[in-house]
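Trainee: The following block contains the structure, expressed as structure tokens.
The values are calculated or read from the model by the stated rules, or taken from the named source; none is laboratory data. As the structure is a computational prediction, the values presented were derived from the model and not from experiment. In this analysis, Cβ positions are derived from the backbone assuming ideal geometry, glycine residues included, and neighbour counts consider all displayed protein chains. Ligands, DNA and RNA are stripped out before the accessible areas are found, and what is left, the full protein with its side chains, is counted by its heavy atoms. Shrake-Rupley method; radii C 1.70, N 1.55, O 1.52, S 1.80 Å.
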Amino acid sequence: MRVCSLLAVASTALWQTHALPANKLKCAKSSLDLDPYPHKSKITFKEDGTFKITVFSDLHYGENPWDDWGPIQDINSTTLISAVLADEKPDYIVLNGDLITGENTFRENSTLLIDEIMAPVNAAKIPFSSTHGNHDNEANITHTEEIERELLVAPLSYTRVAPPGIGGEDGPGTYWVPVYTKATDCTPSLILWFFDSRGGFSLGPDSHAVPDWVDSSVAGWIESETQAMNTVWGSAKDRGAIAFVHIPPHAIQAIQETLNSTSNPGLNDDFLGSGSTQDSAAVGNDQPFWDSLNANVKNLHAVISGHDHGNEWCAREPTKNVIFCFDKHSGYGGYSSAGWGYGVRNIILSSPDPSKGVETWIRLQDGTTRARVTLDANYS
Ligand SMILES: *[C@@H]1O[C@H](CO)[C@@H](O)[C@H](O)[C@H]1NC(C)=O
Ligand SMILES: *[C@@H]1O[C@H](CO)[C@@H](O)[C@H](O)[C@H]1NC(C)=O
Ligand SMILES: *[C@@H]1O[C@H](CO)[C@@H](O)[C@H](O)[C@H]1NC(C)=O
Ligand SMILES: *[C@@H]1O[C@H](CO)[C@@H](O)[C@H](O)[C@H]1NC(C)=O
């Protein structure tokens with residue numbers, strides 16, 4: 001027994017050395033220690049200095065499996081994902097919440113819907129990660145179960161969970177992903193932040209409503225993570241950031257009245273009222289998160305949310321001087337309206353230099369584009 005377990009330890013160590021990707025071998029130990037993905041390849045900008053992200057949102061797989069139209073919707077959504085990825089060829093994919101309409105799923109097979117979503121994503125062989133939404137927490141499915149299933153079936157998933165105690169009830173999916181200028185760099189030039197805005201209902205027959213905002217425990221975590229980055233990688237002034245969270249922060253609600261179709265183009269068909277932003281019950285619950293994000297994450301190009309299928313605009317949030325953008329409803333499931341269509345938000349960083357602007361626009365399934373804006377210091 002003893003010999004066996006020693007052998008097991010030795011072979012694990014050997015495996016780990018071998019598993020370290022070649023592009024990480026030369027980095028200092030402190031840098032490797034901070035790397036959340038020691039055994040995965042680094043995500044990098046292209047050689048021409050650009051980095052493109054395609055965001056799918058509100059896929060809503062699994063509606064009414066007992067009817068014809070639900071499964072046909074999902075086939076349509078899979079066709080959309082495949083067609084868009086073949087055209088856009090992004091460097092990174094984000095699935096920004098409400099992957100599944102959990103109200104309609106069955107206890108014994110709800111995670112099979114994750115397999116359906118991952119099929120076209122895996123086929124594209126592009127790294128990606130997910131946030132989760134209010135419909136991903138229901139009596140028969142949880143954010144945790146979706147994440148575990150994704151990690152099991154999708155080798156290029158960079159989705160993670162927050163450390164124990166961070167994220168609040170049913171909000172495990174808070175993490176960050178480093179992006180490097182070149183594969184030989186040991187210090188990233190861009191951090192993609194992902195936050196779990198929870199919502200929906202807890203698991204099981206006695207299911208109760210889950211708070212629909214990023215838990216206040218995330219505020220301190222953002223502070224400690226950014227401090228660790230500054231210590232190991234140096235000043236944040238050379239690092240850009242983009243944040244993704246399914247439900248828009250509460251502060252976004254007030255901007256809707258000030259939109260201008262020139263600087264804030266795109267659909268504006270969903271009124272932001274109760275339930276449309278985080279913290280639908282009482283104002284202020286997501287304020288610790290919002291304050292900490294904006295105080296600690298430097299060079300934040302934008303905060304990106306889904307949830308409101310009829311909105312596509314970007315706008316500057318004046319109290320924090322940060323740009324917010326809605327996604328594009330991507331799934332045939334979930335509520336929709338004539339003329340809204342289905343598509344994605346594309347984001348292109350023109351350079352790893354965080355002072356350079358970011359271009360973003362909505363692309364519909366048929367290739368039509370709209371609502372193109374450049375997010376920089378001069379934006380709106
Ligand atoms: C599936 O997509 C086709 C167009 O490709 C559309 O005509 C049809 O209504 C869609 N069906 C469902 C159930 O979404
Ligand atoms: C959950 O799954 C069970 C067992 O598959 C099913 O009976 C039930 O209708 C599902 N939905 C809800 C909301 O409980
Ligand atoms: C899950 O099981 C239900 C009930 O048997 C079935 O209607 C549904 O199609 C199944 N869903 C998946 C994703 O396999
Ligand atoms: C809308 O924005 C454009 C471009 O920023 C600006 O020129 C125009 O004056 C704005 N219109 C209103 C009504 O504020």
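Trainee: Which of the lysines could a cross-linker span from Lys26 if the Cα-Cα distance has to be under 19 Å and same-chain partners fewer than 8 positions apart are dropped?
Mentor: Correct list for Lys26: Lys40, Lys42, Lys182.
Trainee: Highest mean first, how do 84-96, 145-157 rank when packing is the count of other Cβ atoms within 10 Å averaged over residues?
Mentor: 84-96, 145-157
Trainee: Would you work out if region 3-375 is rounded, prolate or oblate? Take a ≥ b ≥ c from the square roots of the eigenvalues of the alpha-carbon gyration tensor; rounded if a/c is under 1.5, else prolate when a/b is larger than b/c, oblate otherwise.
Mentor: Numbers: a/c = 1.39, a/b = 1.17, b/c = 1.19.
Note, shape of region 3-375 comes out rounded.
Trainee: Grab the DSSP H runs of the chain that are 4 residues or longer, score each as -39,500 (n - 2.57), total them, divide by all residues and round the 222 nm result to the nearest 500 deg cm²/dmol.
Mentor: After summing the helix terms and dividing by the residues of the chain, the value is -8000 deg cm²/dmol.
Trainee: Running a GNM on the chain with Cα contacts under 10 Å, which residue among Asn321, Asn296, Asn346 ends up with the highest mean-square fluctuation?
Mentor: In the Gaussian network model the winner is Asn321.
Trainee: Calculate the dipole size of the chain relative to its Cα centre from +1 charges on Lys and Arg beta carbons and -1 charges on Asp and Glu beta carbons; express the result in debye to the nearest 20.
Mentor: 1880
Trainee: Students sometimes get this wrong: rank Val210, Val161, Val232 by accessible area, probe 1.4 Å, all chains present, largest first.
Mentor: Greatest to least solvent exposure: Val161, Val232, Val210.
Trainee: Among Gly97, Gly334, Gly275, which one shows the highest mean-square fluctuation when the chain is modelled as a Gaussian network with alpha-carbon springs under 10 Å?
Mentor: Most flexible of the set in this elastic network: Gly275.
Trainee: Then there's this: Pull up the cross-link candidates among the aspartates and glutamates for Lys24, meaning alpha carbon to alpha carbon under 14 Å and not fewer than 8 places away within one chain.
Mentor: Asp33, Asp35, Asp185
Trainee: Express as a percent, rounded to the nearest 5, the fraction of DSSP beta bridges in region 3-375 (both residues included) that run antiparallel. Could the numbers behind the result be given before it?
Mentor: On the way: 29 of 55 bridges.
So the antiparallel bridges in region 3-375 amount to around 55 percent.
Trainee: Using the Cα centre of the chain as origin and beta-carbon charges of +1 (Lys, Arg) and -1 (Asp, Glu), tell me which of Val210, Ala86, His329 is placed farthest towards the positive end of the dipole.
Mentor: Towards the positive end, the residue furthest out is Ala86.
Trainee: Straight distance only, please: which aspartates and glutamates reach the Cα of Lys328 with their own Cα at less than 13 Å, same-chain residues fewer than 8 apart left out?
Mentor: By straight Cα distance, Lys328 reaches Asp58, Asp98, Asp269, Asp270, Asp308, Glu312.
Trainee: In debye, nearest 20: dipole of region 100-237 around its Cα centre with unit charges on the Cβ of K, R (+) and D, E (-)?
Mentor: Computed charge dipole of region 100-237: roughly 720 debye.
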